[in-house]
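Asks: Provided herewith is a single structure, encoded as structure tokens, for subsequent inquiry.
The values are calculated or read from the model by the stated rules, or taken from the named source; none is laboratory data. Owing to the predicted nature of the structure, the values given are computational and were not obtained by experimental measurement. So basically every Cβ, Gly included, is an ideal-geometry build from the backbone, and we count neighbours across all protein chains shown. Each accessible area value is taken on the protein alone, full model and side chains, heavy atoms only, with ligands, DNA and RNA left out. Shrake-Rupley method; radii C 1.70, N 1.55, O 1.52, S 1.80 Å.
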Number of protein chains: 2
Amino acid sequence: MEVKTKQQGIKVVADVLDIIGGKWRGPILSYICDKPRRFNELKSILGRITSATLSKELRYLEELRMIDRVEIRTETSSACEYRMSQHGKSIKTLIQHVVEWGLQHRKVVLGEGV
Amino acid sequence: MEVKTKQQGIKVVADVLDIIGGKWRGPILSYICDKPRRFNELKSILGRITSATLSKELRYLEELRMIDRVEIRTETSSACEYRMSQHGKSIKTLIQHVVEWGLQHRKVVLGEGV
DNA sequence: TTAACAGGTATCTTTTTTCATACCTAAACA
DNA sequence: TGTTTAGGTATGAAAAAAGATACCTGTTAA
């Protein structure tokens, strides 16, 4: 599969933005990329997100096959963790590119005057 | 400047998503990246965008120093073009990374079943 | 002098996202 | 047996983004 038309390229960009865009998906993925996270852990790192929103976003990322919801059972506790899926891990490099460009952008747009 | 904390990295990601995210900014940048474009040209390629929205998005991208609004005067006409700024051009590589990852993603998430 | 085109602005409505608040369930604990 | 912890759901309000529609301004073209 390859980019055949400009129009198709645009649609691919839209696909990706649907995954990492919005107010919370980028941050959620970044944190889970870092290491597996529990629901309440994410909730407290993200700060102002509500349970309802976090729950919805996690289910959506799972549906997109970016993350896995893994139930963890020991003798004394049952919990669950969210982890990057096999495929999801591949977005880490892209996020790194985003961060690198973002830092350049800050230099240019903010750096000169600040 | 470098990424010092996870928190800072997240903010950089949010900065970048503010530029290429949303319904229209990614597509608008992609088209202008390709070559300089006129207002009505963009409007017709983008399809369902309204003048008000296009105008607002272009002004915002200009404010972010991603694009330049260039007035073009010849003897017979006066028009204007939107072009990538010097800095804006640097996002082309990032958009290419996005497209590349997006194509992989399609293979994994859609490709197996479609 | 009037119409047409390019490049918009102004208002208001609709849709989509996010938030606030309250509540629920199962397991472990004391 | 009652409370705490983890991981949520339900409902409605508020805010943000996008759209529809009408209108404005300065050329050029007939």
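Asks: How many residues does the stretch B:33-44 contain that are open to solvent by less than 60 Å² (accessible area, probe 1.4 Å), within 14 Å of DNA strand D (Cβ to nearest atom) and under 24 Å from B:L94 (Cα atoms)?
Replies: 1
Asks: Starting from the stretch A:48-59, keep only residues that are within 7 Å of DNA strand D (Cβ to nearest atom), then list their pairs with residues that are open to solvent by 40 Å² or more (accessible area, probe 1.4 Å) whose Cβ atoms are within a distance under 7 Å, requiring at least 6 positions of separation or different chains.
Replies: From the stretch A:48-59, the pairs are A:S51/A:K43.
Asks: Would you be able to say whether some residue in the stretch A:45-66 is crowded, with 18+ Cβ neighbours inside 10 Å, at the interface with chain B (Cβ under 10 Å from one of its Cβ atoms) and touching a His at 6+ places or on another chain (Cβ under 8 Å)?
Replies: So far as the stretch A:45-66 goes, yes, one or more of its residues are crowded, with 18+ Cβ neighbours inside 10 Å, at the interface with chain B (Cβ under 10 Å from one of its Cβ atoms) and touching a His at 6+ places or on another chain (Cβ under 8 Å).
Asks: For the stretch B:74-85, indicate whether the set of residues that are in a helix (DSSP H, G or I), within 15 Å of DNA strand D (Cβ to nearest atom) and open to solvent by less than 50 Å² (accessible area, probe 1.4 Å) is non-empty. Spell out the reasoning first.
Replies: The initial filter retains those residues of the stretch B:74-85 that are in a helix (DSSP H, G or I), namely none.
Within the stretch B:74-85, not a single residue is in a helix (DSSP H, G or I), within 15 Å of DNA strand D (Cβ to nearest atom) and open to solvent by less than 50 Å² (accessible area, probe 1.4 Å).
Asks: Quick check on the stretch A:65-91: of everything there that is within 14 Å of DNA strand C (Cβ to nearest atom) and in contact (Cβ under 8 Å) with a residue 40 or more places away in the chain, which residue is nearest to B:V13 (Cα to Cα)? Give the steps one after another, and end with the answer.
Replies: Filtering the stretch A:65-91 for residues within 14 Å of DNA strand C (Cβ to nearest atom) gives A:71-80.
Subset that is in contact (Cβ under 8 Å) with a residue 40 or more places away in the chain: A:79-80.
Working: A:A79: 30, A:C80: 27 Å.
If we take residues in the stretch A:65-91 being within 14 Å of DNA strand C (Cβ to nearest atom) and in contact (Cβ under 8 Å) with a residue 40 or more places away in the chain, then A:C80 is nearest to B:V13 (Cα to Cα).
Asks: Looking at (1) within 12 Å of the chain's Cα centre (by Cα); (2) within 12 Å of chain A (Cβ to nearest Cβ); (3) modelled with pLDDT of 95 or more, find the lone condition where B:H97 falls short.
Replies: Status for B:H97: all satisfied but (1).
Asks: I've got another one for you. Just to check your reading of the model, which residue among B:I20, B:I32, B:I45 is aliphatic (A, V, I, L, M) and away from DNA strand C (no atom under 14 Å from the Cβ)?
Replies: None of the other options fit; the residue is B:I20.
Asks: Which pairs do you get when a residue that is more than 10 Å from every other protein chain (Cβ to nearest Cβ) and under 22 Å from A:R73 (Cα atoms), found in the stretch A:20-41, comes within reach of a residue that is of a type in the set (D, E) and within 11 Å of DNA strand D (Cβ to nearest atom), reach meaning Cβ atoms under 8 angstrom, with the pair 6+ apart or on two chains?
Replies: Listed by first residue and then by second, the contacts come to A:P36/A:E81; A:R37/A:E81; A:R38/A:E81.
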